[in-house]
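Right, one structure below, let's go through it.
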Amino acid sequence: MRIFKVILAGLISLVFLTGLFWFWKEKSKPAESIDVISRIDRMEKEGTPIFTSKTIDGNEVNLDKMRGKVIIVNMWASWCGPCIEEVPSLISLVEAMKGDVELIAISEDSSLEDIQSFLKSFPKIKHPNIHIIWDNDKKLMKLYGTERLPESYVLNSELKLAKKIVGTINWHTPDSVEYLKTLLITK
């Protein structure tokens with residue numbers, strides 16, 4: 001009988017400690033990570049934040065008017081090495097998609113001169129489906145909850161978040177082209 005009481009007390013203690021650990025773990029999660037997860041979840045289910053902005057050339061970009069296409073919202077800066085690394089594959093992907101993909105490249109640079117100097121290295125970036133925006137007040141970065149550069153948001157044809165990519169990737173691969181084509185199909 002004594003062994004039974006010891007085993008029972010051990011099991012009760014184990015259950016109590018497990019519950020205590022779970023409670024501590026949940027309470028110690030940073031509120032920011034919960035906010036990020038909830039923001040991404042909303043963007044996947046309800047759609048991404050709609051915005052209208054001006055390109056560095058003065059043209060208006062209205063995200064809402066781009067429905068029916070796949071949109072890549074890319075947050076970058078000219079001083080960001082990984083951002084520079086992925087620009088050629090982004091340009092190549094947009095060219096290959098022949099109007100089905102729009103790239104909204106939102107620069108977090110501190111000056112317009114830095115952006116313009118950077119763009120001289122990539123003459124093919126002057127493409128009708130590539131829109132360069134200077135987010136000098138960081139409003140768009142905050143709207144999307146961007147924390148690092150580069151960060152990209154791939155939106156399906158209904159402007160819902162299909163994929164969030166943190167860091168650099170090779171955008172123009174056969175797999176990425178096929179994946180983007182599936183996002184054009186409205187469900």
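So the values come out like this:
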{"read-out": "Out of Ile133, Ile115, sole residue that is closer than 24 Å to Glu95 by Cα, open to solvent by less than 20 Å² (accessible area, probe 1.4 Å), out of contact with any helix residue (DSSP H, G or I) (no Cβ under 8 Å at 6 or more places or on another chain) and in contact (Cβ under 8 Å) with a residue 24 or more places away in the chain", "value": "Ile115"}
{"read-out": "Leu180 vs. criteria over 20 Å from Asp41 (Cβ atoms) and in contact with a Cys (Cβ under 8 Å, 6 or more places away or on another chain)", "value": "no"}
{"read-out": "Within region 1-40, considering residues that are exposed (fewer than 10 other Cβ atoms within 10 Å of the Cβ), assigned to a helix (DSSP H, G or I) and of a type in the set (Gly, Ala, Ser), the one modelled with the highest pLDDT", "value": "Ser33"}
{"read-out": "Answer residue from region 141-187, given it is within 15 Å of Ile71 (Cβ to Cβ), hydrophobic (A, V, I, L, M, F, W, C) and under 12 Å from the mean Cα position of the chain (by Cα) and is most open to solvent (accessible area, probe 1.4 Å) among those", "value": "Leu143"}
{"read-out": "Subset of region 47-64 [touching a strand residue (DSSP E or B) at 6+ places or on another chain (Cβ under 7 Å), more than 19 Å from Phe118 (Cβ to Cβ) and surrounded by fewer than 17 Cβ atoms within 10 Å (Cβ to Cβ)]", "value": "Thr52, Glu60, Asn62"}
{"read-out": "Residue check, Pro82 under 25 Å from Asp35 (Cβ atoms) and surrounded by fewer than 20 Cβ atoms within 10 Å (Cβ to Cβ)", "value": "yes"}
{"read-out": "Selection from region 98-112 of residues that are in contact (Cβ under 8 Å) with a residue 40 or more places away in the chain, open to solvent by 30 Å² or more (accessible area, probe 1.4 Å) and within 30 Å of Thr182 (Cβ to Cβ)", "value": "Asp100"}
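The values are calculated or read from the model by the stated rules, or taken from the named source; none is laboratory data. All values derive from a computational prediction rather than experimental measurement. All Cβ positions, glycine included, derive from the backbone under ideal geometry; neighbour counts span all protein chains shown. These area figures cover heavy atoms from the full protein model, side chains too; ligands, DNA and RNA do not enter into them. Shrake-Rupley method; radii C 1.70, N 1.55, O 1.52, S 1.80 Å.
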